[in-house]
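Participant: The structure's right below; bear with me while I get my questions together.
The values are calculated or read from the model by the stated rules, or taken from the named source; none is laboratory data. Keep in mind that what you see is a predicted model, and the values were worked out from it rather than measured. We place every Cβ from the backbone using ideal geometry, glycine too, and count neighbours over all the protein chains shown. Surface accessibility is based on the protein's heavy atoms, side chains included, excluding ligands, DNA and RNA. Shrake-Rupley method; radii C 1.70, N 1.55, O 1.52, S 1.80 Å.
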Amino acid sequence: MNIAARRADFPLLAIQMNGKRLSYLDSAATSQKPRAVLDAVRRYYEHDNANVHRGVYELAARATQDYEDARQKLADLVGSAPEEIVFTRGTTESINLVARSYGEVVLEPGTNVVTSAAEHHSNLLPWQQAAWHRGAEVRYVELGEDGRITPDALRSVVDDQTRIVALAHVSNVMGTVTDVAAAAEIAHAHGAVLAVDGAQSVPHRPVDVRALGIDFLSFSGHKMCGPTGIGALYGRADLLQRMEPVYYGGEMIEEVTLQGSTWKEAPWRFEGGTPNIAGAVGIGAAADYLRSIGLTAIHDHEVELANYLADRIRPIAGVVVYGPQGHRDSGVVTFNLDGVHAHDVATALDTEGVCVRAGHHCCQPLMRRLQAASTARASLYLYNNREDVDQFVDALAKAKEFFHRVAG
Ligand SMILES: Cc1ncc(COP(=O)(O)O)c(C=O)c1O
């Protein structure tokens, strides 16, 4: 991968922050956007803008074509059919849609949904709510020492009463990677479905829903070089066809009478109201951009850089790195500086032009397990280079010296 050329694709990376070169290490929160995506959205508004699925005139047909082309691009990205892609606002909405429309139907007293304490709140609260509304049980798979979820641990909690196994592919805190193919096998052996939170995997590694046996996959445009406010749910065709809509209104109906109404086929029945057409065009362009670089190349680059970063900060006295202590398999590295609040660390790094996230990362149960009120997180993407990491390490060393001097 030619990183210098890739960096040149992202106009924002050229800006200065606090008078310093920008080292953007917060792509797990949201990624920067390449010119290809910015141009596609602009081109759509300048040349094709109209409402979709309604107009009979040429411009409306062009807008509809753009929107449906984007669905095809996402299908190509995850290895599905286009009818299996529902446009949503992002991962959170995708998971809520499955929990409401599928979870609340299949869960009932005596059944259970299996998830883990390492999940982002977006992959925890919808399942808790669905289970609790229906009088079903929420089970949590035990996390290993390094935060990983092993197939054995999963096997010990999934049983014939399990209806859904809901797990993140890649943890947004520990960077651990779940063996999704093994999880699918375990779920399917008990007649359950596997719902994967792909927020931190789809942008960063090849994810093929058929090869992995995934039944539902949720992901966000803004974490994969696309715009905010757009994302998708992949759902296996036969499952989507069984599901009722959650949003009722325009665009999603077949026929409406005062006595009763019928819905369009999936996925359109889930897209009530005017959709985020420009967002769809943007996420479609983002999918093309990622595929043109290659998801394997992106993954390999991030892993190499994450290991370089972790290896450089581990020897610094007082630095704790969470998650796997050996080889890391994703671009997420979460850490703390002994005796210094993560917010103070992030603020100090900011003065050196380095952007990292600090807080509970929407994972409060995991923070309790890690016995940390908050942590700082550096997360990498295809445009980061060793210079970004070195700038971060130098800033961290400087912050450490400052805070420890102040503490006396
Ligand atoms: C693992 C994981 N799941 C879900 C989400 C929620 O994504 P969004 O806010 O785009 O809906 C995030 C966002 O940080 C995440 O990292």
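Participant: Mind pulling the per residue volume of the convex hull built on the Cα atoms of the stretch 51-131? Å³ is fine. Mind showing how you got there, number by number?
Facilitator: Numbers: hull volume 10.2 nm³, N = 81.
Hull volume over Cα atoms, normalised by residue count, gives 126 Å³.
Participant: Determine the relative contact order of the chain: mean sequence separation of Cα pairs under 8 Å and six or more apart, normalised by residue count, in whole percent.
Facilitator: Numbers: 828 pairs, mean separation 90.1, N = 408.
Computed value for the chain: 22 percent relative contact order.
Participant: Using only the heavy atoms of the protein chains and a 1.4 Å probe, how would TRP127, TRP132 rank by accessible area, largest first?
Facilitator: Details: TRP127 5, TRP132 150 Å².
Per-residue accessible area, sorted high to low, gives TRP132, TRP127.
Participant: What pairs in LYS73/LYS264; LYS33/LYS264; LYS73/LYS223; LYS223/LYS264; LYS223/LYS398 have C-alpha atoms more than 28 Å from each other?
Facilitator: Checking Cα-Cα distances, LYS33/LYS264; LYS223/LYS264; LYS223/LYS398 exceed 28 Å.
Participant: Could you point to the residue in PHE335, ALA187, ALA397 farthest towards the positive end of the chain's charge dipole, with +1 and -1 charges on the Cβ of Lys/Arg and Asp/Glu respectively?
Facilitator: ALA397
Participant: If you don't mind, there's one more thing I want to ask. Return, for the Cα atoms of the stretch 172-251, the radius of gyration and Dmax in Å, separated by a comma.
Facilitator: In Å, with Rg to one decimal and Dmax whole: 14.2, 42.
Participant: OK, next. Compactness ratio of the stretch 37-292: Cα Rg over 2.2 N^0.38 Å, N = residue count?
Facilitator: Working: Rg = 18.5 Å, N = 256, 2.2 N^0.38 = 18.1 Å.
Its radius of gyration relative to the 2.2 N^0.38 Å reference: 1.02.
Participant: Quick one: if you stick a label point 7 Å off each Cα along the C-beta vector at ALA29 and ALA5, how many nm between them?
Facilitator: 3.2
Participant: Same structure, new question: Describe numerically, in nm with one decimal, the distance between label points set 7 Å from Cα along Cα→Cβ at SER292 and at THR228.
Facilitator: 2.6
Participant: Over the residues of the stretch 60-183, compute the C-alpha Rg and express it relative to 2.2 N^0.38 Å. Don't jump to the answer; show the numbers that get you there.
Facilitator: Details: Rg = 16.6 Å, N = 124, 2.2 N^0.38 = 13.7 Å.
Cα Rg divided by the expected 2.2 N^0.38 Å: 1.21.
Participant: Counting only GluC sites (Glu not before Pro) that are in a DSSP loop and have at most 11 other C-beta atoms within 10 Å, tell me the longest site-free stretch of the chain.
Facilitator: On the way: sites that count: GLU145, GLU265.
Here the longest run is 1-144.
Participant: Show me the three semi-axes of the equivalent ellipsoid for the stretch 130-223, from the C-alpha gyration tensor (sqrt of 5 times each eigenvalue), largest first, rounded to whole Å.
Facilitator: Numbers: eigenvalues 88, 47, 39 Å².
For the stretch 130-223, the ellipsoid semi-axes come out as 21, 15, 14 Å.
Participant: Would you look at the GNM of the chain, springs on alpha carbons closer than 10 Å, and say which of VAL340, VAL141, VAL98 moves the most?
Facilitator: Fluctuation is largest for VAL340.
Participant: Relative to a virtual label point 7 Å from the Cα of ARG155 in the Cα→beta-carbon direction, which members of the stretch 109-127 show backbone nitrogen distances below 11 Å?
Facilitator: It comes to no residues whatsoever.
Participant: Let me spell out the model: positive unit charges on the Cβ of Lys and Arg, negative unit charges on the Cβ of Asp and Glu, origin at the Cα centre of the stretch 37-292. What dipole size does that give, in debye rounded to 20? Provide the component values of the computation, followed by the final result.
Facilitator: Details: 21 positive and 34 negative charges, 70 e Å.
Computed about the Cα centre, the dipole is about 340 debye.
Participant: For the stretch 114-173, what value does the Rg/Rh ratio take when both radii are computed over Cα atoms and Rh is the Kirkwood radius, given to two decimals? Don't jump to the answer; show the numbers that get you there.
Facilitator: Working: Rg = 11.4 Å, Rh = 12.0 Å.
Taking Rg over the Kirkwood Rh, I get 0.95.
Participant: Semi-axes of the equivalent ellipsoid for the stretch 211-272, please: Cα gyration tensor eigenvalues, times 5, square-rooted, ordered largest first, whole Å. Mind showing how you got there, number by number?
Facilitator: On the way: eigenvalues 140, 54, 9 Å².
The equivalent ellipsoid of the stretch 211-272 has semi-axes of 26, 17, 7 Å.
Participant: Let me know the Kirkwood hydrodynamic radius for the stretch 32-77, please, with Cα pairs as the basis and the value in Å to one decimal.
Facilitator: Its Kirkwood hydrodynamic radius stands at 11.3 Å.
Participant: Here's a follow-up. As a test question: what accessible area, to the nearest 10 Å², does ARG7 have when a 1.4 Å probe is rolled over all protein chains in place?
Facilitator: 40
Participant: Let me ask something else about it. Within the chain, what percent of beta bridges assigned by DSSP are antiparallel, to the nearest 5? All intermediate terms of the calculation are to be shown ahead of the outcome.
Facilitator: Values: 26 of 45 bridges.
Percent antiparallel among DSSP bridges in the chain is about 60.
Participant: Can you compute the modelled spin-label distance between ALA181 and ALA397, with each label point 7 Å from Cα toward Cβ, in nm?
Facilitator: It is 4.2 nm.
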